[in-house]
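Enquirer: To start, I am sharing the structure in question, which I have written as structure tokens.
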Protein chains: 2
Amino acid sequence: MKKLSEFQLIDQLKRFQGRSPRVIKGIGDDAAVLELDARRYQLFTTDMIVEGVHFLKGAAPRAIGHKALACNISDIAAMGGVPSFAVVSIGIPRGLSAGYVQRIYAGMSALAKKFGVSIVGGDTVKSDRLVINIALLGEVEKKHLVLRSGARPGDRIFVTGPLGGSLKSGRHLAFIPRVREARFLVKNFKPTSMLDISDGLAGDLGHILKAGNVGAVIDADRVPLNQGADFAAALADGEDFELLFSLPSEKARKLIQCGHQRSGFRFCEIGEIIGSPKKLFVRDVDGRRRMIEPKGFTHF
Amino acid sequence: MKKLSEFQLIDQLKRFQGRSPRVIKGIGDDAAVLELDARRYQLFTTDMIVEGVHFLKGAAPRAIGHKALACNISDIAAMGGVPSFAVVSIGIPRGLSAGYVQRIYAGMSALAKKFGVSIVGGDTVKSDRLVINIALLGEVEKKHLVLRSGARPGDRIFVTGPLGGSLKSGRHLAFIPRVREARFLVKNFKPTSMLDISDGLAGDLGHILKAGNVGAVIDADRVPLNQGADFAAALADGEDFELLFSLPSEKARKLIQCGHQRSGFRFCEIGEIIGSPKKLFVRDVDGRRRMIEPKGFTHF
């Protein structure tokens with residue numbers, strides 16, 4: 001039997017995807033992009049989280065509910081959009097208390113309220129381990145859509161916040177999806193590419209490089225780190241759910257000059273897009289470049 | 001710890017659902033109904049199936065993929081709509097072969113093609129048991145939307161095909177969702193209520209009675225049965241995925257007179273809506289009525 005990787009599986013699913021003319025972008029970005037009306041696209045995404053894989057058995061149920069929705073909202077943010085409607089499936093082990101499930105819903109619901117998401121449906125089934133799947137719709141103005149694929153040599157690379165150590169610190173259960181940051185960016189600076197960091201900086205930047213057929217250089221000392229995390233953790237830990245995006249150099253200058261004051265957000269420039277397809281380099285403090293694998297954490 | 005039922009859980013989730021003015025119908029029907037444009041609503045539904053609960057470990061992977069999508073398509077049919085876009089999450093046990101997963105996708109994809117569904121996204125995660133969640137969008141013209149709640153005393157009750165024994169016979173893995181039947185009905189006869197039979201005739205008719213605050217009498221000898229199934233099986237087995245709907249008596253007469261020839265479908269009249277709220281009666285061949293519980297199979 002062959003060992004399966006998540007990416008191989010997604011590639012398999014790609015072969016089976018439909019080809020409706022209303023599908024602007026199918027499998028292979030943070031969310032699917034569907035024709036909606038003259039002005040807007042609809043976004044559609046889904047995430048499944050499983051006990052023992054994405055959270056431990058002892059995790060607070062409110063935090064589990066929060067995370068289940070937050071990763072979906074993060075996918076919508078990564079396209080430049082705003083989330084709208086969600087359906088929630090939950091597989092529940094026998095013996096779980098009604099109060100426990102209620103606290104899962106409460107965590108989900110608090111976040112939904114914060115981001116204007118309406119939970120409109122669901123399915124509840126029996127399962128031996130707790131598993132939650134959320135599918136989320138969103139919308140984006142056509143002019144504001146950002147895909148993974150538009151990065152061009154010379155573009156500067158940014159992140160919306162510090163990376164690394166998300167699993168160890170428990171931040172992966174409590175992160176706030178970067179919808180506001182994304183909306184500020186698409187309205188004022190129009191990134192050439194964007195995604196949310198779920199597999200670690202190296203792997204997710206790898207997606208941008210592959211989609212745009214470009215390369216990148218990261219300046220090791222400019223990557224913002226969470227307390228207790230080092231550069232290696234930022235590259236590989238995953239589940240940071242900060243946005244990673246690229247901007248043409250002139251817009252990058254403007255963002256640095258005035259973006260922070262105008263928005264109240266912190267955007268950190270961490271490197272540059274280059275021409276060499278799919279090549280990822282790290283530049284150390286002394287200016288030496290070394291090539292690294294554009295691979296991050298895999299949930300498989 | 002309190003024991004949980006599926007219906008209690010759905011009721012819990014209801015308490016947390018959003019209240020956007022764009023939500024025409026949230027939790028509590030076969031699919032959510034969302035404002036789309038002047039002419040149409042968008043439909044949104046989700047179903048999770050778990051190994052050992054909705055299919056056994058030895059089931060054919062193509063059939064598993066088929067079923068995962070078919071129950072969702074059936075929900076869209078039950079609203080009178082047509083399905084459009086799906087996202088697929090799959091939790092995969094270690095050691096499952098690439099070919100196995102491919103056959104799941106192939107089963108899904110064949111059905112998707114048949115009903116014009118585009119698979120546009122997905123998530124693949126590690127799980128100890130195979131679990132598949134699909135979320136499906138659909139559309140329905142506003143004038144053709146059918147909810148569970150519109151049945152009125154005097155309406156006749158119909159099903160689209162024989163009931164009972166679906167699990168034993170394996171039909172629950174191979175059923176064809178009744179989209180074409182539903183479309184024929186909403187365009188020509190406009191049912192007053194409709195849903196798909198997943199929990200058994202008694203339980204699902206119970207949903208129509210509760211939603212419409214009406215009662216019903218079923219004629220035991222008129223309920224079409226699958227080979228090897230008896231009336232008790234039709235009432236309680238579930239997973240038939242035939243449509244159950246009500247029509248005003250005059251339209252019912254027309255459907256019986258000419259609907260079959262025009263459509264090529266078989267619609268079976270099985271009883272009548274009455275005024276007594278939530279009361280369900282069975283009328284035997286000799287005309288005697290007995291009251292039964294409007295409860296069917298529960299997956300919990």
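Any read-out appearing in this document is the output of simple, stated calculations on the displayed coordinates, not a laboratory observation. Small disclaimer: the values here were computed from a predicted structure and weren't measured. Cβ: placed from backbone, ideal geometry, glycine included. Neighbour counts: every protein chain shown.
Enquirer: Cβ under 15 Å from A:ILE24's Cβ, A:ILE24 left aside: what net charge do those residues give with Lys, Arg +1 and Asp, Glu -1?
Expert: Computed value for this residue: +2.
Enquirer: Using a simple spin-label model with points 7 Å from Cα along the Cα→Cβ vector, what separation in nm is obtained for B:SER97 and A:LYS114?
Expert: Simple spin-label model gives 4.6 nm for this pair.
Enquirer: Moving on. I'd like the Karplus ³J(HN,Hα) series for segment B:280-294: coefficients 6.51, -1.76, 1.60, θ = phi - 60°, whole numbers in Hz, and an x wherever there's a Gly or Pro.
Expert: For segment B:280-294, the Karplus-derived couplings read 10, 10, 10, 9, 7, 3, 7, x, 6, 9, 10, 8, 10, 6, x Hz, x marking Gly and Pro.
Enquirer: Something else about it: Rounded, prolate or oblate: which fits the protein assembly as shown when a ≥ b ≥ c are the square roots of the eigenvalues of the alpha-carbon gyration tensor, with rounded for a/c under 1.5 and prolate only if a/b beats b/c?
Expert: prolate
Enquirer: So, counting K/R as plus one and D/E as minus one, what does the shell of residues with Cβ under 11 Å around A:HIS66 add up to?
Expert: The answer is +4.
Enquirer: Then there is this: Quick one: Cα convex hull volume of chain A, Å³ per residue?
Expert: Expressed per residue, the convex hull around the Cα atoms of chain A is 148 Å³.
Enquirer: Quick one: of the DSSP bridges fully inside the protein assembly as shown, what percent are antiparallel, nearest 5?
Expert: The antiparallel proportion sits near 75 percent.
Enquirer: Please give the peptides A:174-184, A:240-250 ranked by average Cβ packing (other Cβ atoms within 10 Å per residue), highest first, as a rough proxy for protection.
Expert: Going by the mean number of other Cβ atoms within 10 Å, highest first, we get A:240-250, A:174-184.
Enquirer: Now a separate question. With springs connecting C-alpha atoms under 10 Å apart, model chain A as a Gaussian network and identify which of A:GLY80, A:GLY58, A:GLY259 has the largest mean-square fluctuation.
Expert: Judging by the Gaussian network model, the answer is A:GLY58.
Enquirer: What nm distances, shortest first, do you get from the label point of A:ILE256 to those in the other copies when the point sits 7 angstrom along Cα to Cβ?
Expert: 8.1
Enquirer: What residues have an amide H closer than 5 Å to that of B:ILE270, excluding those fewer than 5 places away on the same chain, when H is modeled at 1.01 Å from N in the peptide plane?
Expert: The answer is B:ILE157, B:PHE158, B:VAL159.
Enquirer: Can you check what the net charge comes to around B:LEU243, using other residues whose Cβ is under 9 Å from the Cβ of B:LEU243 (Lys, Arg +1; Asp, Glu -1)?
Expert: Here the count lands on -2.
Enquirer: What ranking of A:HIS172, B:HIS260 emerges when the number of other C-beta atoms within 10 Å of each C-beta is taken as an exposure proxy, fewest first?
Expert: Ascending Cβ contact count within 10 Å gives the list B:HIS260, A:HIS172.
Enquirer: Here is a further query. With +1 assigned to the C-beta of every Lys and Arg and -1 to the C-beta of every Asp and Glu, and no other charges, what is the dipole magnitude of chain B about the Cα centre in debye, to the nearest 20?
Expert: With only Lys, Arg, Asp and Glu charged at Cβ, the dipole is about 460 debye.
Enquirer: Give, as ranges by residue number, the residues of segment A:221-243 whose backbone N falls under 14 Å from the point 7 Å along Cα→Cβ of A:ILE292.
Expert: The answer is A:221-226, A:229-238, whose backbone nitrogens lie closer than 14 Å to the label point.
Enquirer: Obtain the nm distance between the two label points defined at B:ARG262 and A:VAL285 by a simple spin-label model: each point lies 7 Å from its Cα along the Cα-to-C-beta direction.
Expert: 8.2
Enquirer: List, in order, the whole-Hz ³J(HN,Hα) value for each residue of segment A:153-161 obtained from phi through the Karplus relation with A = 6.51, B = -1.76, C = 1.60 and θ = phi - 60°; use x for Gly and Pro.
Expert: Result, ordered by residue: x, x, 4, 8, 9, 10, 10, 8, x Hz.
Enquirer: Please report B:TYR41, B:TYR100 as a ranked list, fewest other C-beta atoms within 10 angstrom at the top and most at the bottom.
Expert: B:TYR100, B:TYR41
Enquirer: Note down the relative contact order for chain B as a percent, whole number, built from C-alpha pairs under 8 angstrom at least six residues apart.
Expert: 21
Enquirer: Here is a further query. Before rounding to the nearest 500, sum -39500 (n - 2.57) across all DSSP H runs of length at least 4 in chain B and divide by the residue total; then give [θ] at 222 nm in deg cm²/dmol.
Expert: About -8500 deg cm²/dmol.
Enquirer: Express in whole angstrom the spacing between the alpha-carbon centres of segment A:113-132 and segment B:158-190.
Expert: A separation of 27 Å, based on Cα centres.
Enquirer: In addition: How well do other chains shield peptide B:129-139, expressed as the mean number of their Cβ atoms within 10 Å of each residue Cβ?
Expert: The mean count of partner-chain Cβ atoms within 10 Å per residue comes to 5.
Enquirer: Could I ask something else about it? Which whole number gives the average count of other chain Cβ atoms within 10 Å of the Cβ atoms across peptide A:19-25?
Expert: For peptide A:19-25, the averaged partner shielding equals 3.
Enquirer: Ok, one more. Exceeding 29 Å between C-alpha atoms, which entries from my cross-link table qualify? They are A:LYS67/B:LYS143; A:LYS14/B:LYS190; A:LYS25/A:LYS295; B:LYS210/B:LYS254.
Expert: Table pairs above 29 Å Cα-Cα are A:LYS67/B:LYS143; A:LYS14/B:LYS190.
Enquirer: Amide H neighbours of B:GLY80 under 5 Å, at least 5 residues apart or on other chains, H built in the peptide plane: list them.
Expert: Under 5 Å from the amide H of B:GLY80 lie the amide H atoms of B:VAL146, each far enough along the sequence or on another chain.
Enquirer: Enter the mean number of other protein chain beta carbons within 10 Å of the beta carbon of each residue in A:94-101, as an integer.
Expert: Shielding by partners across A:94-101 averages 4.
Enquirer: Would you please calculate the Kirkwood hydrodynamic radius of segment A:220-300 over all C-alpha pairs and express it in Å, rounded to one decimal?
Expert: 14.7
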